[in-house]
Every structure is written in C-alpha cells, then in structure tokens.
1. Checking Leu58 against (1) assigned to a loop (DSSP other than H, G, I, E, B); (2) touching a helix residue (DSSP H, G or I) at 6+ places or on another chain (Cβ under 7 Å); (3) within 16 Å of the ligand (Cβ to nearest atom), only one condition comes out false. Which one?
2. Any chance the stretch 99-109 includes a residue that's out of contact with any helix residue (DSSP H, G or I) (no Cβ under 8 Å at 6 or more places or on another chain), in a helix (DSSP H, G or I) and within 15 Å of the ligand (Cβ to nearest atom)?
3. Return the pairs, sorted by first residue and then second, in which the second residue is of a type in the set (S, T, N, Q) and within 7 Å of the ligand (Cβ to nearest atom), the first residue lies in the stretch 127-145 and is closer than 15 Å to Phe201 by Cα, the beta carbons are less than 7 Å apart, and the residues are 6+ apart or on different chains.
4. What helices (runs of 4 or more DSSP H), lying completely within the stretch 200-284, carry at least 1 residues that are touching a strand residue (DSSP E or B) at 6+ places or on another chain (Cβ under 7 Å) and either of a type outside the set (S, T, N, Q) or at positive phi (or both)?
5. Every residue in the stretch 12-38 that is within 17 Å of the chain's Cα centre (by Cα) and either surrounded by fewer than 17 Cβ atoms within 10 Å (Cβ to Cβ) or farther than 13 Å from Gly243 by Cβ (or both), please.
6. Kindly indicate the residue of the stretch 241-258 that is farther than 27 Å from Phe153 by Cβ and among the aliphatic types (A, V, I, L, M) and also farthest from the chain's Cα centre (by Cα) among those meeting that condition.
7. Checking the condition in contact with a helix residue (DSSP H, G or I) (Cβ under 7 Å, 6 or more places away or on another chain), without any contact (Cβ under 8 Å) to a residue 40 or more places away in the chain and assigned to a helix (DSSP H, G or I), which residue from Ile91, Ile48, Ile18 passes?
8. Only residues in the stretch 113-125 that are within 12 Å of the ligand (Cβ to nearest atom) count as the first member; pair them with residues that are in a strand (DSSP E or B), Cβ under 6 angstrom, at least 6 apart or cross-chain, and list the lot.
Amino acid sequence: MESSVRNHYQASNLMEKIDAGLTAAGKHPQQIDIRDLAPVDQLHTGGIRGTQALLEKLEIPAHFHVLDAGCGLGGASRLMADTFGCRVTGIDLSPDYIEAARVLTHRTGLSGRVQFETGSILALPETPGPFDVILCQHILMNISDKQAAVQQFVRHLKPGGRVVLHEIVAGSHPDLALPVPWAASADISFLEPLESMLACFTDNGFTLEQIFDATALGTRYWQKAGEFARKNQQNMDWPPPLGPHLVFGDTADRFPFTMSQNFEAHAIELIEAVLRFSGPPVTR
Ligand SMILES: C[S@@+](CC[C@H](N)C(=O)[O-])C[C@H]1O[C@@H](n2cnc3c(N)ncnc32)[C@H](O)[C@@H]1O
C-alpha cells in the first residue's frame, strides 16, 4: 500500500520546476522568503492562510520540538519554525518531496532549526524525537491503519504532548469525485468519519482540547480556485508560474472542480483538532 501512495507523490525534477517557476514569477530562486513558496509548498485545502489560521490557535514555545508528520515540501515546517522559533522535524514518504524540502529550507535560512527525513509515520525513527507537538496536516487520508499511526504518535510524544489535526474527513455522501490531491484512484484514499477518527485518539489516551469545523472555509477555498481557473484557463499564460501543478502535473487543473464537487455533495469535510496525550507514560 505504501508503495502505491509513494508513487502517487512521485515528482521528478521538482527543484528544476520550482526554480523555473520562481524565475518566471520574478523571484531570484536563491533569495526567497518562505512566503514566496506558498503557491507550491502548501499542499492542502486552505493554502498558507489555512496553515496560518491553524497556527494562530496554538501556543508553541521556542524550546519545543515539533514533528510535521507527512510534511510534503515542508511549507508548514518552515512556517512553524519562523513563527514560533521552535525546532521542527519533517518526515515524509516521498524522497522527491524531502529532497526539495531540504533545498528550500536551506535557501530560506532555516536549516539550523528545520530538518527532514524520508520515512513513514507508521515506522517513526527512535531519534530525533520525542516530540512536544505532532502536526498531521492532510496526511491521514492516505493512511488505512489509523490506529497504527496513533500508536506511533503515542510512542514518540513527550508526556502531555499534543497532536494537531488539519484533515479531510469523510462526509455523509459515500462517493468521492476523483482525482483529488491525495489520490488519483480510490485504492489509496482512506477517508474516515470525524467521530471514528477522533475515537482512534481517545481510545489511545488522548483528550480532545479543540475542535473546529472548517468545511465552509474549505468549500469556499476550492470554489474560488475553480472560479479563477475558469476565468483564466484559456489564457496564454495559464497555468500561473507557481502552483500545485509543479508537484502534481496537469491533473492539478482538475482539483478545484472535483474538490468543490466533493465539498458541495458532503462527500468530505475539513476539520481542525487539538488532542493532548494524557495517558500513562510510555516506555521507549
Ligand atoms: C496532501 S500531501 C500534504 C503534505 C503537507 N502536509 C502539506 O499540507 O503541504 C500528503 C503527504 O503525506 C505524505 N504521506 C502519505 N503517507 C505517508 C506515510 N505513511 N508516512 C509519511 N508520509 C506520508 C505524502 O508523501 C504527502 O507528502
């Protein structure tokens, strides 16, 4: 299963494409601010504003070590280190993404605080954890065994540590329009209803501290992306120099329409949640 997910997130010559996009957008690829990368390194509903809104609800002291589980190109990792001054480790299944994440982090001057590893959240390495906070931003949709993921989090969190979820969950309508950013085919999409997703955590010693239904924001985000695409797709300069198409290829053009359809049909919902581990200490 992991190899099918890894294949979905294969992206050859990613840095060449990003550098060409940055140049076309009038930026010098070696002199970039983390916000310049937002059109391409925030691979989730809501983009950088969604991540910023999530971070505003969290208190992360500078001495904390955060795990960005399924970090993609490291957009949220860099933003957390920049916002809070904390240390961040990003782990992702895709070696292509991790390679790009390291280069981009070096160029934005954050390599001292942000590091990346290729690997699965289902088999987290013993070091460099344990972590104070684990961020799961649009990754659990690709994980069939969510209990196994939560057990890994328990093992690699400090006592009293938190898991922050920013995830797409299953809605009431059973059919998903494809492709979506996390799956071109149904065999690698594992959407779970909110209640059973939260139960995976509370059954393993977590207490729910915050929950926010961001479905309306998510719906609007993709509707606006669809309106923008409809208006501009026939233009010579489509697609814009920087965007998810650099990572996902031409299929990315369809995401605004399938994602709007999925939100409007109640096939998916968008949630934010903070869960604190309050179970017994784990022997590592
Ligand atoms: C939709 S992308 C989101 C990336 C990033 N969190 C963001 O929001 O920009 C999902 C990410 O999860 C990663 N992923 C999927 N299954 C994984 C696993 N078992 N372990 C680690 N990463 C995984 C993928 O490689 C991909 O980068």
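Just so you know, all these numbers are worked out from the coordinates, no wet-lab data involved. Model, not experiment: these values are computed from the prediction. Note that each Cβ is placed from the backbone with ideal geometry, even for glycine, and that neighbours are counted across all protein chains shown.
1. Failing condition for Leu58: (2).
2. Looking through the stretch 99-109, at least one residue is out of contact with any helix residue (DSSP H, G or I) (no Cβ under 8 Å at 6 or more places or on another chain), in a helix (DSSP H, G or I) and within 15 Å of the ligand (Cβ to nearest atom).
3. As it stands, the answer is none, since no pair meets every condition given.
4. Once the helices (runs of 4 or more DSSP H) in the stretch 200-284 are filtered for at least 1 residues that are touching a strand residue (DSSP E or B) at 6+ places or on another chain (Cβ under 7 Å) and either of a type outside the set (S, T, N, Q) or at positive phi (or both), what remains is 215-232, 255-264.
5. Scanning the stretch 12-38 gives Ile34, Arg35.
6. Across the stretch 241-258, the extreme among qualifying residues is Leu242.
7. Going through Ile91, Ile48, Ile18 in turn, just one is in contact with a helix residue (DSSP H, G or I) (Cβ under 7 Å, 6 or more places away or on another chain), without any contact (Cβ under 8 Å) to a residue 40 or more places away in the chain and assigned to a helix (DSSP H, G or I): Ile48.
8. Hits for this filter: Phe116/Gly90; Glu117/Ile91; Gly119/Ile91; Ile121/Ala69.
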